[in-house]
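Here's the structure, in structure tokens; my notes come after.
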Amino acid sequence: MKASSKLHFLVPALAAAALMLAAPQAPASPAAEPDRGTQAMPAGLRAAFYRALAEDAGASYAINKDGCATLAKQGLTACFDRHGAHFTGAAPLSLHLVAFGRSDDLAPVSAVKPTIHGNEVRYAHGNLTEWWRVLPVGFEQGFTIAERPAGQGDLILALSTTRRPGETPAPRSKIKPTQGRGKTSHRMPASAGMTQGKGGHAIAWGELRYGKLVVTDAEGKVVPASLKIASQLAPTEAGERVLIAVNDLHAVYPLTVDPLVWIEQQVTASDGAAGDFFGISVALDGATALVGAYAAVVGGNADQGAVYVFSKSGGVWSEAQKLTASDGAADDLFGVSVALDGATALVGAFFADVGGNNAQGAAYVFTETNGTWTQSQKLTASDGTENDAFGISVGLDGTTALVGASGAGFSTGAVYVFVNSGGTWSETHKLTASDGVFNDRFGASIALDGTVVLVGARNATIGGNAEQGAAYVFTESGGVWSESAKLTASDGAAGDLFGISVALDGTTAFVGAAYADLGGNPDQGAAYVFTESGGAWSETQKLTASGGAADNKFGTSTALDGATAIVGNFAGSAYVFTESNGTWTQSRELTVAVTFDSSLALDGASVLIGASFDIGGQGAAYFYGRSDLDLAMSAPAEVESGEQYVSEAIVTNSSAADSAAISAEVPVPSGTSFVSANATQGSCSEAAGVVTCDFGAIGGNAGTATANVTFTASGSVGDTITNTASVILATPALTASA
């Protein structure tokens, strides 16, 4: 028995079957506070890119007696005191609310001692209550404003980003490209920047992110709001200021302002330097990833290029090896393209000189044995000539490899097929378009799935429309490859560059048209879905990004795996689409920390996005995960003997489609007695010491359902009571404890 007047609880834990995306949940609210409106939010706002790891199952998210909590998998610790929240691990940062009011009348906010309750912290400031909640995905911050403040203009919450001088690192800046002849030059804007995407805003300090702001009113309606860095409010105070501005003109109070602090799993090259363009190409297969840095300096050779191998262990991706060409030279641009299948990797170097031919291009095969990757062969075209750009694209599936040469035949383009026999790769076919002409750039993009090849020819002229673009399907039978279909957009126009990216899985193909004009928006971009039936391919859907704008260039990159597809743009975003009954629907948007350029890879539960313009052109890559269902629990850290408390079991559906009918079971824990239960949807009942809440179907795109079970602590002082829950009628079954 502990010398304590309170019962102690283990709190909250998460269990899940795979990496996932999950929307945050608001803290348990006192009876006087309104519902925070998460059920009523639009799906697109709820379905942000919050990550959680399955390996977190069993971890505790309670705030300890020192006011600190650690998310072990993210390597992020937060400590809470009267001066606010202080984060360590990824990047030292403090956030402290310093002023609140209208844009024309901000009033200072005094420091107050927080109250800690399980995984929740609260700061009471009269009409304004600030709260933090520890979640597997990050540290959720919230502000509940009970009544409309007087005055005119936007509602403003001002936060200081540091409490101790020198503690705050500089926020990341965006990179703006200026085009020069031959290569791209870069300049850095003078002002500190923030990550911006159609799904919201985030401010970045290293890997630490602050954003995903959602504001809702008492009716659950989303209220317009913005997040930005501003000049400091007081000349005597160090650090920057973060401003949350809310247009509450039509809002119904109380109001809830809800941002998040989280770690984004960003990877960079251990020896990276500005101008490497790490992330120009990416590939992903299981627990292995490849990231190309085609402008990396190797052995003093500028722009020779390199590829980095990353391995996943315990939910964390880390650099395992750096690959370079054994005969690499300056300006080869090794790593412009990468492909990965099991223990084999294929890397393109499309500017490599071959036999005296400038920029003929080459591709290199690497194989893995006992965790070590070794170059095994160099591939070149049997009829290669100068400026063929052989290696600008590569594809790999089993014993078949493809290498694109978009400059072949005076840029008509070609794709070379290689087959592995006994460990040696040999050229077997050269694919060209039956109607190809000068400058089509056939082969600049390729996709391979078994005996089917999809090749983009982004500059092809269609019906007199220059650079409308096309994609060609080739199939293999009896060892012979032949063209079987030519795909074009039903509403294509000149300059669309249809075929700038292609993806293929089974009988489904995606083709990007990044420069398509939409609704008066030049170069907004689109992606087209084609399906095969009886050997014939037909266009079935045209996809665009929700909230797309001019110059986004949606469709710059595409990736496809089963019923999930990712489409990237040139504005630092990637959009997830899922298929149900033949229809593809956007389910969420992923944003990276810099505009311009995104390469994509998708494999099962993992997504990899390359951002080669990030960090001053050094480049970075970002890993995300996805799954369908997640179960988390929340309960007070401690409660008085004889006191009632509420244990919550929260189920989140992060897929695009509604779930099947779901039930949650919450056993009555030892040392308690059951009082009552209710659910945010459906109904609950108790029998034989088990509370069952039948939710029915849970809506997709981060829909949630919560079982709220009230118990009375009846054990002895100092006892530990463990609350558990499980989700049944789900595959796989989920369990969690608190």
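The values are calculated or read from the model by the stated rules, or taken from the named source; none is laboratory data. Being a predicted model, the structure only gives us computed values, none of them experimental. So basically every Cβ, Gly included, is an ideal-geometry build from the backbone, and we count neighbours across all protein chains shown. Side chains included, ligands, DNA and RNA excluded: accessible areas come from the protein's heavy atoms. Shrake-Rupley method; radii C 1.70, N 1.55, O 1.52, S 1.80 Å.
Out of all Cα-Cα pairs in the stretch 235-314, roughly what percent, to the nearest whole number, are more than 16 Å apart? Cα-Cα pairs of the stretch 235-314 separated by over 16 Å account for 69 percent.
Using only the Cα atoms of the stretch 370-458, build the gyration tensor, take square roots of its eigenvalues as a ≥ b ≥ c, and label the shape rounded, prolate or oblate: rounded if a/c is under 1.5, else prolate if a/b is larger than b/c, else oblate. Kindly include the intermediate steps, with their values, before the conclusion.
On the way: a/c = 2.10, a/b = 1.69, b/c = 1.24.
Verdict is prolate for the stretch 370-458.
Under a crude label model (7 Å from the Cα following the beta-carbon direction), how far is Val717 from Ala107 in nanometres? Calculated label separation equals 4.2 nm. The apolar share of the surface of the stretch 503-586, taken as the fraction of accessible area on carbon and sulfur atoms (1.4 Å probe, ligands and nucleic acids excluded), comes to 44 percent. The overall shape of the stretch 447-585 is oblate: from the C-alpha gyration tensor, with semi-axes ordered a ≥ b ≥ c, the ratio a/c is 1.5 or greater and a/b is no larger than b/c. Accessible area per residue for the stretch 389-502 is 35 Å², calculated with a 1.4 Å probe on protein heavy atoms, without ligands, DNA or RNA. Using the Cβ-Cβ distance between Asp271 and Glu427 with R0 = 35 Å, the FRET efficiency computed as 1/(1 + (r/R0)^6) comes to roughly 0.55.
With a Förster radius of 25 Å applied to the beta-carbon distance between Ser482 and Thr531, the computed FRET efficiency rounds to 0.80. In terms of its C-alpha gyration tensor, the stretch 513-606 comes out oblate, because a/c is 1.5 or above while a/b does not outweigh b/c.
3J(HN,Hα) along the stretch 546-563: 5, x, x, 9, 4, 6, 5, 6, 4, x, 4, 9, 9, 8, 9, 8, x, 8 Hz, from the Karplus curve 6.51 cos²θ - 1.76 cosθ + 1.60 with θ = phi - 60°, whole Hz, x for Gly and Pro.
Of the listed peptides 688-699, 535-546, what is their order by residue-averaged count of other C-beta atoms within 10 Å, with the highest listed first? Walk me through the intermediate numbers first.
Working: 688-699: 17.8, 535-546: 15.8.
Per-residue mean Cβ counts within 10 Å order the peptides as 688-699, 535-546.
Expressed as a whole percent, the accessible area of the stretch 303-362 that falls on carbon and sulfur atoms is 45 (1.4 Å probe). Which length gain, in nm to one decimal place, applies between Ala330 and Ser311 when the Cα-Cα distance is subtracted from 0.36 nm times their residue separation? Answer, rounded to one decimal: 4.0 nm.
On a per residue basis, the stretch 261-367 carries 30 Å² of accessible surface, using protein heavy atoms and a 1.4 Å probe.
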